[in-house]
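A.B. asks: Have a look at this one.
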Amino acid sequence: MESRARTLPTDSTSRASPLWRLVPLVQRHKWRFWGGMSLINAGRLLEAFMPLYLKMGIDRIAAGDMRLALPALAILGLMVFRYWAFNLGRRYVREVGVDAAFDLRQRLYWHLELQGPRFFARYTTGDLMARAINDIMLIRQLIGMGTRLLFVLGFSGIIAFIFMFHQSPSLTLLLLPALPVFAVIGWVLAKKIFMQSTQVQEGFSSLSAQVQENLNGIRTIQTHAQEDREVARFEAASDQYAGSYYKLMFLNSGLTSAMLVATGFTTLIVVGYGGMQVVEGAITLGTFTAFIFYLNMMLAPIKEGGVMVTLFQRGGSAAARIFEILDHEPEIGDAPDAAPLDEIGGSITLNHLSYVHPASSGEGGWPALNDVSLEIGKGEMIALLGRVGSGKSTLLRLIVRLLDPPPGTVYLDGRDIRMLPLAQVRSEVALVPQDPFLFATHIAQNISYDNPDRATDEVWRAAESADLEATIRRFPDRLETMVGERGVTLSGGQKQRASLARGLIRETPVLLLDDCFSSVDTETEEFILSRLKTLRQGRTTVMVSHRVSTARHADRIVVLDEGRVAEIGTHKELIAKGGLYATLERQQGRREELAQTLAENAGGEA
């Protein structure tokens, strides 16, 4: 699937109309598309011959000639072949719509996988889901049904006009003045339908975003007793969406009704004038009957004009919303001359690294790191310590290129990290985040996420290293235990340890731990850290922590303060300096003593 997503057709230009930019998706399946169109048009052509045999039969009846076998069998045969051609042709064209939607959805999903934090700060999850589901569904309907109506009904109109003119030139010319009226009505209402369709789809995106946000924050809503307010907010958003949709349906119904009235008026004129010609003997009753059938064939595109215009306008606005996302270039990507290293050793160099977080609007931002220089040797265990907002997590994200560092500031094994392929960096540098994310599947698949085919023994070893083995064995289904969406069935500490096991099982040359012990008690933390030093022997480990008790296990400790390196050294060296690290150690020590005293007093009272 990945290879197919990578090779999907791209647009020749982003300046083209959204509808024209859908053409490459259809060209990918052009043989089925045009084959299906040809079959349907062949069916329409066969249908055009049916009134001729109907005319033959009526004229024979009027003349008292009851030889009706030929016209009857001819009409029956044409009906059979017409049904076969229509059925097969429609199937092919609809399949092209489904496949084109599949290709576009794959391309959109792959594009989303490449985006960075600024993109996701601008577009909400609910909005993106609405575009990926609802908007692509409208594009599928446009390709699978709208194009068929456009080409087939257009062809039917031309064929019918030719046959009508052959039967009665005067009746046919009588219809020509009405055609510009149809075009003006369709053009005026089409523009309104396009604008209203965009409002409807944006309303659906807003509604989806609100639902997604509320479901993710359901515990916060419940603990603050805000259910009624959120239901009211949803009701207001739903009413607004329904109102926009009603306006769209009103416009669509108005267009359809206008076309039906216009075609009905045209039919009335033809019946009146044609009836007079029959009475006067200018044309036969059979000719008049055939002409009425051809008139219906020619008016069919006009009668279906409301449906066709709505499909194209809604599909066009949906395509514009999809290409808005696809035109958003990924913030982080491979340099044109990026080349992989034969082997990643694990040494890291930070050279006067400064970083400013960009605002979601792209203007301004806030500084996170300022002139940070640091050498981390292969196999070292480094602890990053500092107050909240000192830039610790930002530094880890820059090393793994979840954020893009300035050129010449971050080196991996002596190579500028921006000159390495992004895939190599992220496969050889593992990041365990502070806020663990677990997929709604069983524990084993969460731990072995990078390679679902890992042996069960590997999964158990990783769980043991993260001090999660005993917990898993207490579950009835053990490794097959389902953890629910975002790991809802596990505690905070269990989720952090599962996320840590996911990082440890990869055995990467560089492991980044972003305060992943914050929900773990000190005893468990001590056990994990003691195992970690053995497991990571010869491999580089950088861990962020707020606890001095965690940092003291590292070979060296780097203290950050307001985005700058304040102190570097071992635990003993930094305590001896009496600086910021020593201050943090004293403060945390007093808090631990106070917590222990309170616990003892509570135990005595009990």
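Just so it is clear, none of the values below were taken in a lab; they were calculated from the coordinates. Just so you know, these numbers come straight off a predicted model, no measurement behind them. Positions of Cβ are backbone-derived with ideal geometry, glycine not excepted, and every protein chain shown enters the neighbour counts.
A.B. asks: Rounded to the nearest 500 deg cm²/dmol, what is the calculated helix-only ellipticity per residue at 222 nm for the chain, with -39500 (n - 2.57) per DSSP H run of length n ≥ 4?
C.D. replies: Calculated mean residue ellipticity at 222 nm is -20000 deg cm²/dmol.
A.B. asks: For the chain, take the longest principal axis of its alpha carbons; what is the angle in degrees between that and the long axis of helix 456-465, to the nearest 10 within 0 to 90?
C.D. replies: 50
A.B. asks: With the contact rule set at Cα under 8 Å and sequence spacing of 6 or more, what percent relative contact order holds for the chain?
C.D. replies: It rounds to 14 percent for the chain.
A.B. asks: Can I ask one more? Just checking my list [x] 35.3, 122; [y] 32.9, 126; [z] 27.5, 101 against Rg and Dmax of the Cα atoms in Å computed from this structure; which label fits?
C.D. replies: Label [x] holds the value from this structure.
A.B. asks: Here's another thing I want to ask about it. What residues qualify as long-range amide H neighbours of Leu468, i.e. H under 5 Å apart, gap of 5 or more or another chain, H built at 1.01 Å from N?
C.D. replies: none
A.B. asks: Order these peptides, 263-272, 41-50, 143-152, by their mean beta-carbon neighbour count within 10 angstrom, highest first.
C.D. replies: The most tightly packed comes first, giving 143-152, 41-50, 263-272.
A.B. asks: Stretch Val271-Lys192 to full length: gain in nm at 0.36 nm per residue minus the Cα-Cα span?
C.D. replies: Additional length available on full extension: 25.0 nm.
A.B. asks: Using label points projected 7 Å from each Cα along Cα→Cβ, tell me how many nm separate Arg473 and Glu329, to one decimal.
C.D. replies: The modelled label-to-label distance comes out at 5.5 nm.
A.B. asks: Now for a different question. Can you give the FRET efficiency for Ala69 and Leu150, using 1/(1 + (r/R0)^6), R0 = 45 Å, r = Cβ-Cβ distance, to the nearest 0.05?
C.D. replies: 0.70
A.B. asks: Grab the Cα-Cα distance for Arg564 and Lys577, subtract it from 0.36 nm times how many residues apart they are, and report the gain in nm with one decimal.
C.D. replies: Gain on extension, Arg564 to Lys577, equals 2.9 nm.
A.B. asks: Looking at the chain, send over the antiparallel percent of its DSSP beta bridges, to the nearest 5.
C.D. replies: Within the chain, antiparallel bridges account for around 50 percent of the total.
A.B. asks: In addition: Calculated FRET efficiency, Val356 and Glu213, Cβ-Cβ r, R0 22 Å, to nearest 0.05?
C.D. replies: Computed FRET efficiency for Val356 and Glu213 comes out at 0.20.
A.B. asks: Dipole of region 2-326, Cα-centred, from +1 at each Lys and Arg C-beta and -1 at each Asp and Glu C-beta, to the nearest 20 debye?
C.D. replies: Charge dipole, region 2-326, about its Cα centre: 720 debye, nearest 20.
A.B. asks: Let me know the charge dipole size of the chain about its Cα centre in debye, to the nearest 20, where only the beta-carbon of Lys, Arg (+1) and Asp, Glu (-1) is charged.
C.D. replies: 2240
A.B. asks: Here's something else I'd like to know. I need the calculated FRET efficiency for the pair Met137 and Arg586, taking r as the beta carbon distance and R₀ as 51 Å, to the nearest 0.05.
C.D. replies: E between Met137 and Arg586, to the nearest 0.05, is 0.25.
A.B. asks: On a full-extension model of 0.36 nm per residue, what is the gain between Glu526 and Thr456, subtracting their alpha-carbon distance, rounded to one decimal in nm?
C.D. replies: This chain segment gains 22.6 nm when fully extended.
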